[in-house]
Every structure is written in structure tokens, then in C-alpha cells.
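This report concerns only the one structure given below.
Coordinate-derived values only; no laboratory data. This one's a predicted model, so the numbers in the text were calculated from it and none came from an experiment. Reconstructed Cβ throughout: ideal geometry from the backbone, glycine too, with neighbour counts over all protein chains shown.
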Amino acid sequence: MRKKALSAASRREEARRLTAGGVCSARAACRILKLARSTYRYRGRPPTEAEAALHRRLQELSERHPRYGCRRIAALLRQEGWKAGKRLVQRWRRQSGLRVPTTRRKQVRRGVSPGLPTWATHRGHVWTWDFIADATVRGGALRLLTILDEHTRECHVLRADRALKSKDVLEWLQRAIREHGAPHYLRSDNGPEFIARVVQQWLAGQQIKTLYIEPGSPWQNGFVESF
């Protein structure tokens, strides 16, 4: 057999295929598949006008609401006065090839990187920044903004606060640049504070190139992660 036949309908179909192909007689096919001969000879009746109308309405609702499954389509049909159960709707949808389309995975928002230097070759070449999450003894959230020079491993900024937003990140970055000079590159993950439009526009105005690591790859920003 091509596939495992479980239901009576599938076994009947398999028996008819064997008989039509001349493999064996109908009696032998029924014996092998453990199928009653009356079931083998069964012919379904044609649908009534009411069933045909219900089927057409089911297809119309399924095309109008492609994200609805059999339960919601059955509920809509019952609201319109049709006698339609969940199993009937499910069977007809399967026979018609109707199914809910798969959900596409949401595209992760990422910053734009002009190129990735593997490591810093001199002071001020590549700075790296990231957030460190912690909590106080009482359980309050604590965030620490860290900015390091990858070549010298010098910490230029270590700012702790309850909440740090993109404007706070930009403010502390400006302070570090005034004190140590502007870097050529800034390496970070794709956190919302680092890929914010106001931050990227300011960095572009200062001619500082951004280096964003791949999502889920903290080892690409290992200096600040280990810090």
C-alpha cells in the first residue's frame, strides 16, 4: 500500500485501487484490508440542494475570512441560521483544501552596519556599548549603561539608573566623546535604545559608523558582555 489506511473510507479507496489495477479481486482486497464488502460497494448519495448551498456559503465565508478556522466559520454559519457543526465544517474544509495560512515570523528590527572590523587596532578605533541588567536588594530594576574602548579596555561610561532611554544613551555618549574624542566605530546589539532613529541620525551627523551584531550572537560583542 502507498500509505497506512485507517478509516473505512481510506480502506475502501485503497481496495478499489487494488481491484482496478488488477492486483487482486474485490473479495481478496476486502479480506486483506479487513473491510466489509458492503462498505466496499457503498456509494455516497449526491448532496441535497440545502447541503450544496451550505457548502457554497462555507467557501464564501472561508475566502472572506482566511484567518478563521473551522470553529469560527461554524459559529458564523450558525449565526446565519445554518445547521453546521464543527466536525462537518472541518471535514468539508479539508475536502476543499481550505486551511488557515501559516503565520509568518516577524522580521526582527536591525540596525544598519557598513562593515564589521573584527577587532580594534588602536585607541578610539572601536567603542562598544551595551546595557547590563541588575536589581536592587528590594527587587527594583536597575540598568547600567556601559561604554568601553575595545583596544584599551577602558570604561568611558558606567551609568546606573532605574530606566535609560535613547535620549539618555545619547547624552552619556556625548559626554564620553567630549572627554575622550569620537570613535571611528560603535559596536552594539540591536536594542531599541541603540537603533533608535534619533541616535542613528546623530551618529551619522558625527560621521561615526555603527556596527550591529547578529541577533542572538552576544559573542560578537564579547568585550562588553564579559565586562
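Of everything in the range 177-207, what is in a loop (DSSP other than H, G, I, E, B) and surrounded by 17 or more Cβ atoms within 10 Å (Cβ to Cβ)? Give them in sequence order. Result: Pro183, Asp189, Glu193, Phe194, Ile195, Ala196. Does Leu186 satisfy the criteria of being among the aliphatic types (A, V, I, L, M) and either within 18 Å of Trp119 (Cβ to Cβ) or touching a helix residue (DSSP H, G or I) at 6+ places or on another chain (Cβ under 8 Å) (or both)? It is true that Leu186 is among the aliphatic types (A, V, I, L, M) and either within 18 Å of Trp119 (Cβ to Cβ) or touching a helix residue (DSSP H, G or I) at 6+ places or on another chain (Cβ under 8 Å) (or both). For the range 37-64, the candidate set comprises residues that are in a helix (DSSP H, G or I) and among the hydroxyl-bearing types (Ser, Thr, Tyr); within that set, the residue that is nearest to Lys86 (Cα to Cα) is Ser62. Total residues in the range 129-173 satisfying the condition of being basic (Lys, Arg) and more than 33 Å from the chain's Cα centre (by Cα): the figure is 3.
Taking the range 160-176 as the range and being among the acidic types (Asp, Glu) and either under 19 Å from Gly124 (Cα atoms) or surrounded by 17 or more Cβ atoms within 10 Å (Cβ to Cβ) (or both) as the test, only Glu171 passes. I'd like the residue in the range 208-227 that is in a loop (DSSP other than H, G, I, E, B) and in contact with a helix residue (DSSP H, G or I) (Cβ under 9 Å, 6 or more places away or on another chain) and, out of all such residues, is farthest from Ala133 (Cα to Cα). Result: Ile208.
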